[in-house]
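Q: Below are the structure tokens for one structure; questions will follow.
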Amino acid sequence: MRELSYAEAIREALRQEMQRDERVFIIGEDVGVYGGAFGVTLGLIEEFGEERVIDTPISELTIAGAITGAALVGMRPVGEIMFMDFITLASEQLVNQAAKIRFMFGGKEKVPFVLRTPAGSGTGAAAQHSQSLENWFVHIPGLKVVMPSTPYDAKGLLIASIRDDNPVIFVEHKLLYKVKGPVPEEPYTIPLGTAEVKREGRDLTIIATSIMVQRALQAAEQLAEEGIEVEVVDPRTLKPLDKETIIRSVIKTGRVLIVHEACKTGGFGGELAAVIAESEAFDYLDAPIVRLAGRDIPIPYNRTLEYHAVPQVENIVEAARRLAEGRV
Amino acid sequence: MTLSPERKRELLCQMYTIRAFEEKAEELYAMGKVHGTMHLSIGMEASAVGSIAALRPDDLILSTHRGHGHCIAKGADLNKMMAEFMGKETGYCRGRGGSMHIADVESGNLGANGVVAGGIPIAVGVGLGLKMQRRDQIILCFFGDGAANTGAFHESLNMAAIWSLPVVYVCENNQYAMSLSVRKAFAIERISDRAAAYGIPGVTVDGNDVMAVYEAVKKAVDRARAGGGPTLVENVTYRWRGHSKSDVNRYRTREEIEAWKKKCPIKRFRARLIEEGILTEEEADRIRDEAYAAVDAAVAFAEASPEPSLDTIEEGVYA
């Protein structure tokens, strides 16, 4: 199959949806001629014009308000927040308005939008341009939270998100933008709320999100050489969460390592651990549930410090090995 | 721009209905029949009614936490409104929203809002959506003087201005953001002066004069509909009651409140219609009495309505 980068896959999803549905448009800072800070929307303004690829002033709150309002009158906007860190500035509209409008209005209105935003560290951009804040939004009823880990998933999940009738926070990872993988040319959807087993294994389950899926797969390769067979499960959407696939995998392996980049305390790993502990999988656990996550610190600038702030392949190998060998 | 006698009578009727609704709301609260809080616009009826009179029925509004008047002026069904206020399943929002979140989308009311300035950014999106679909409607966004000091106000008025969106921003300056006087919260004389910063027209009107409000907003509406972009209209008015139920008026004097009560927008409009020969005293009384009776009927409807069923508590979160 043809290969595309993660950024190209997202761009193709945007292009195909804009061709298919004239209600779909893009709005955000420098998304036009500049192509977005990471070049994801590059070239779309040439194809669709300024009317459908809209550059805004630096006004994150009103970007969120604009997609909410436009969705209320029948459009299907795709907003962009340049760095996930800046979603703090947009939170009022996302949390108090977009997420709650349907419920507050007695289930009569809908707010179909996607807000794309790149998260994650590894670019040397330090504490205000490197955060992974997805779990804040998982906590808000009314929002959906999507986190693709591959080009294939990015395209299918984005198309599904655009066609979804709810506000969707679509969290991309900066270090994944250049990662290539097979992507079909035709439009396709991956239903929100379906996890995928990215690699099968019998000895332990790693549940990882976003870039940690890629790192977990690399770790699994290494561990396979030692005879440890790791199963890697990618939830793909944090909300709604496909609990069934996760629980099934844990029942099969009896050991589970949860890996994400966001800070450990209050991160999505706590939710995953609780979902497993509350389920029938609890009886099948041969070891405590282990979380490997970002340290509870802001992302540092220094290259070495930054590298060690979040889980790397070798950390995953080590944690998985300890768990598989019964040393936890 | 002059309204027909029939239309003027309707506006008086709306003003009385708002007053009746809110006096009843206060009474029901005192009787313990509603819980939560409410924000009354008694004394501000001309702002809601005059502004919305300038709209077509298919135009849209975004309202505020002090939104009963906007909702009624936009044509809400009093029964559904009162039922919502009382938390009943038959209310506009099935009892999920309450006073601060009443929405009546069919009448073009995209909702009250519990967050000060919460609707201002949404109006940008509504205006953008209407413009992109080449629909000939406009969105009128209400907010208070307090909202004019938020970042949302600045971001949104600028964005609506640069894209010439069909938005009319109506600032209901009722003199206080909760307890903070506009004299302490602004270094400028008129909030509408801020329009200059966005390159849009700004106008300040006597918000207790329903016809003055109508005329100013009509001009803004016509401009927006013709593609001229947004306008900032400031209706200078006063809320007679406290900010919410917790307010004991420590920040203002009784004399000040009494002085504003003498400028009652309803008495003023009624006197004008009688003077113009559009109404007799008796007809005006009849309009008032019918408004109070309609509100009483709405209370009866609401009281007879069922509570939401607990089985449905999780409905309506996702589409």
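The values are calculated or read from the model by the stated rules, or taken from the named source; none is laboratory data. Remember, it's a predicted structure, so these values are computed and weren't measured experimentally. Don't worry about glycine lacking a Cβ; one is built from the backbone with ideal geometry, like all the others, and counts go over all protein chains shown. Accessible surface is based on the protein model in full, side chains and every heavy atom, while ligands, DNA and RNA are left aside. Shrake-Rupley method; radii C 1.70, N 1.55, O 1.52, S 1.80 Å.
Q: At most 13 other Cβ atoms within 10 Å and a DSSP loop assignment: could you name the chymotrypsin sites (Phe, Trp or Tyr not before Pro) in region A:274-328 that fit? Intermediate values should be presented prior to the final figure.
A: Working: sites: A:F282, A:Y284, A:Y301, A:Y307; in loops: A:Y301.
Loop-located and lightly packed - A:Y301.
Q: Also: Report Rg(Cα)/(2.2 N^0.38 Å) for region B:186-284, keeping two decimals.
A: On the way: Rg = 17.2 Å, N = 99, 2.2 N^0.38 = 12.6 Å.
Here the Cα radius of gyration is 1.36 times the empirical estimate.
Q: How many square angstrom of accessible surface are buried between A and B, both sides summed, with a 1.4 Å probe and rounding to 100? Could the numbers behind the result be given before it?
A: On the way: alone 13720 and 14280 Å², together 24890 Å².
It comes to approximately 3100 Å² buried between A and B.
Q: Which stretch or stretches of region B:219-246 have amide N atoms under 14 Å from the point lying 7 Å from B:R7's Cα along the Cα→Cβ direction?
A: Zone members listed by number: B:219-222.
Q: Still on this model: Which value results for Rg/Rh of region B:1-115 when Rg is the Cα radius of gyration and Rh the Kirkwood radius based on the inverse mean 1/r?
A: When Rh is taken as the Kirkwood radius, the ratio is 0.96.
Q: Determine the distance separating the Cα centre of region A:263-328 from the Cα centre of region B:93-124; give it in Å without decimals.
A: If you average the Cα positions of each part, the centres end up 42 Å apart.
Q: DSSP loop (so not H, G, I, E, B), at most 11 other Cβ within 10 Å: list which GluC sites (Glu not before Pro) in region A:260-328 pass both filters. Numbers along the way, then the final one.
A: On the way: sites: A:E261, A:E271, A:E278, A:E280, A:E306, A:E314, A:E318, A:E325; in loops: A:E278, A:E325.
For GluC sites (Glu not before Pro) across region A:260-328 that sit outside H, G, I, E and B with at most 11 neighbouring Cβ atoms in 10 Å, the list reads A:E278.
Q: Need one value: the accessible area of B:R56 in square angstrom, 1.4 angstrom probe, rounded to the nearest 10.
A: Rounded to the nearest 10, the figure is 80 Å².
Q: Right, another one. Within chain B, which complete DSSP H helices have Cα atoms spanning at least 20 Å along the helix axis and a mean Kyte-Doolittle hydropathy of 0.0 or higher? Don't jump to the answer; show the numbers that get you there.
A: Details: long enough: B:5-30 (38 Å, -0.85); B:210-225 (22 Å, 0.05); B:281-304 (35 Å, -0.27).
Long hydrophobic helices here: B:210-225.
Q: Taking only C-alpha pairs under 8 Å that are 6+ residues apart, what is the relative contact order of region A:1-70 in percent? Provide the component values of the computation, followed by the final result.
A: Details: 66 pairs, mean separation 19.8, N = 70.
Contact order relative to length: 28 percent.
Q: Report the rotationally averaged projected area of region A:28-87 based on its alpha-carbon convex hull, in square nanometres. If you can, show how the numbers build up before the last one.
A: Numbers: hull surface 15.8 nm².
Quarter of the Cα hull surface area: 3.9 nm².
Q: Here's a follow-up. Please give, to one decimal in nm, the separation of the simple spin-label points placed at B:D311 and A:E186, each 7 Å out from Cα toward the Cβ.
A: Placing both labels 7 Å along Cα→Cβ, they lie 4.3 nm apart.
Q: Using every Cα-Cα pair within chain A, state what percent have a distance larger than 39 Å. Show your work: numbers first, answer last.
A: Working: 6093 of 53628 pairs.
In whole percent, the share of Cα-Cα pairs in chain A beyond 39 Å is 11.
Q: Taking N as the number of residues in the protein assembly as shown, what value does Rg over Cα atoms divided by 2.2 N^0.38 Å take?
A: Details: Rg = 27.9 Å, N = 647, 2.2 N^0.38 = 25.7 Å.
Taking N as the residue count of the protein assembly as shown, the ratio is 1.08.
Q: With n ≥ 4 as the cut-off for DSSP H runs, can you work out [θ] at 222 nm for chain A, using -39500 (n - 2.57) per run divided by the number of residues, rounded to the nearest 500?
A: Numbers: 11 runs with 110 residues, N = 328.
Mean residue ellipticity at 222 nm (helix-derived): -10000 deg cm²/dmol.
Q: For region B:18-57, what does the convex hull of the Cα positions come to per residue, in cubic angstrom?
A: 83 Å³
Q: Now for a separate question. Around A:S59, with a cut-off of 12 angstrom between Cβ atoms, what is the net charge of the other residues, counting Lys and Arg +1 and Asp and Glu -1? Don't skip to the answer; put the middle values down first.
A: Values: positive: none; negative: A:E29, A:D55, A:E60, B:E155.
Neighbourhood net charge equals -4.
Q: Hey, what's the Kirkwood Rh for region A:103-235 if you take every pair of different alpha carbons, in angstrom?
A: The answer is 16.3 Å.
Q: A follow-up question, please. Quick one: Cα centre-to-centre distance for region A:127-205 and region B:142-167, in angstrom?
A: 34 Å
Q: Name the GluC sites (Glu not before Pro) in region B:134-219 that are in a loop by DSSP and that have at most 16 other C-beta atoms within 10 Å, would you? Spell out each step's value before the answer.
A: Values: sites: B:E155, B:E172, B:E189, B:E215; in loops: B:E189.
Qualifying residues, ordered by number: B:E189.
Q: Leaving out ligands, DNA and RNA, and with a 1.4 Å probe, what % of the accessible surface on chain A is carbon or sulfur?
A: Numbers: 6150 of 12190 Å².
Ligands and nucleic acids excluded, carbon and sulfur give 50 percent.
Q: Could you list which residues have their amide H under 5 Å from that of A:F25, counting only those 5 or more apart in sequence or on another chain, with H placed in the peptide plane?
A: Correct list: A:R76, A:V78.
Q: Here's something else I'd like to know. Could you give the accessible area per residue of region B:5-302, probe 1.4 Å, as a whole number in Å²?
A: Details: 11070 Å² over 298 residues.
With the other protein chains kept in place, region B:5-302 gives 37 Å² per residue.
Q: Residues of region B:272-319 losing 30 Å² or more of accessible surface, assembly versus chain alone, probe 1.4 Å, please list them.
A: B:G316, B:V317, B:Y318, B:A319
Q: Can you pull a Stokes-Einstein diffusion coefficient for region B:135-243 at 20 °C (1.002 mPa s), Rh from Kirkwood over Cα pairs, as a whole number of µm²/s? Walk me through the numbers before you get to the answer.
A: Values: Rh = 14.0 Å.
Here the translational diffusion coefficient equals 153 µm²/s.
Q: From the C-alpha coordinates alone, can you work out the Kirkwood hydrodynamic radius of region A:3-182, in Å? Write out the running numbers ahead of the final one.
A: Values: mean 1/r = 0.0627 Å⁻¹.
The answer is 16.0 Å.
Q: Do any of B:K8/B:K261; B:K8/B:K267; B:K33/B:K88; B:K74/B:K267; A:K108/B:K131 go past 19 Å between their Cα atoms, and which? All intermediate terms of the calculation are to be shown ahead of the outcome.
A: Numbers: B:K8/B:K261 22 Å; B:K8/B:K267 14 Å; B:K33/B:K88 12 Å; B:K74/B:K267 21 Å; A:K108/B:K131 23 Å.
Exceeds cut-off: B:K8/B:K261; B:K74/B:K267; A:K108/B:K131.
Q: Using only atoms on other chains, find how many Cβ atoms lie within 10 Å of each Cβ of peptide B:103-115 and report the average. Each step should come with its number before you reach the end.
A: Numbers: counts 7, 2, 4, 1, 0, 0, 0, 6, 6, 1, 4, 4, 5.
Mean number of neighbouring Cβ atoms from other chains: 3.
Q: Something else: Applying the Karplus parametrisation 6.51 cos²θ - 1.76 cosθ + 1.60 with θ = phi - 60° to the phi angles of region B:168-181, what ³J(HN,Hα) value in whole Hz is obtained for each residue in order, glycine and proline being reported as x?
A: Once rounded to whole Hz, the list reads 10, 9, 10, 8, 8, 7, 9, 5, 9, 9, 6, 10, 7, 5.
Q: Now a separate question. Taking every residue in A:102-115, how many Cβ atoms of other protein chains lie within 10 Å of its Cβ, on average?
A: On the way: counts 5, 10, 13, 13, 15, 9, 8, 7, 2, 3, 1, 1, 0, 0.
Other-chain Cβ atoms within 10 Å of each residue's Cβ, averaged: 6.
Q: A further question on this structure: Round to a whole number: what % of the accessible area of chain B belongs to carbon and sulfur, probe 1.4 Å?
A: Working: 6520 of 12700 Å².
Ligands and nucleic acids excluded, carbon and sulfur give 51 percent.
Q: What whole-number value in cubic angstrom gives the convex hull volume per residue for the C-alpha atoms of region A:210-328?
A: Values: hull volume 12.5 nm³, N = 119.
So the per-residue hull volume is 105 Å³.
Q: Moving to a separate point now. Within the set of other residues whose C-beta is less than 10 Å from the C-beta of B:M86, count the net charge using Lys and Arg as +1 and Asp and Glu as -1.
A: Numbers: positive: B:K33, B:K88; negative: B:E84, B:E303, B:E307.
My count for the surroundings of B:M86 gives -1.
Q: For chain B, report the % of Cα-Cα distances exceeding 35 Å. Intermediate results must be reported in sequence, preceding the final value.
A: On the way: 8634 of 50721 pairs.
Cα-Cα pairs of chain B separated by over 35 Å account for 17 percent.
Q: Still on this model: If I take every Cα pair under 8 Å that is 6 or more residues apart in chain A, average their sequence separation and divide by the length, what percent do I get for the relative contact order?
A: Values: 755 pairs, mean separation 53.1, N = 328.
Over chain A, the number comes to 16 percent.
Q: Provide the per residue accessible area, probe 1.4 Å, for region A:3-182, rounded to a whole number of square angstrom.
A: Details: 5360 Å² over 180 residues.
That works out to 30 Å² per residue.
Q: Evaluate the relative contact order of region A:196-324 (contact order divided by residue number), counting alpha-carbon pairs under 8 angstrom at least 6 apart; express in whole percent.
A: Details: 243 pairs, mean separation 37.9, N = 129.
After rounding, I find 29 percent.
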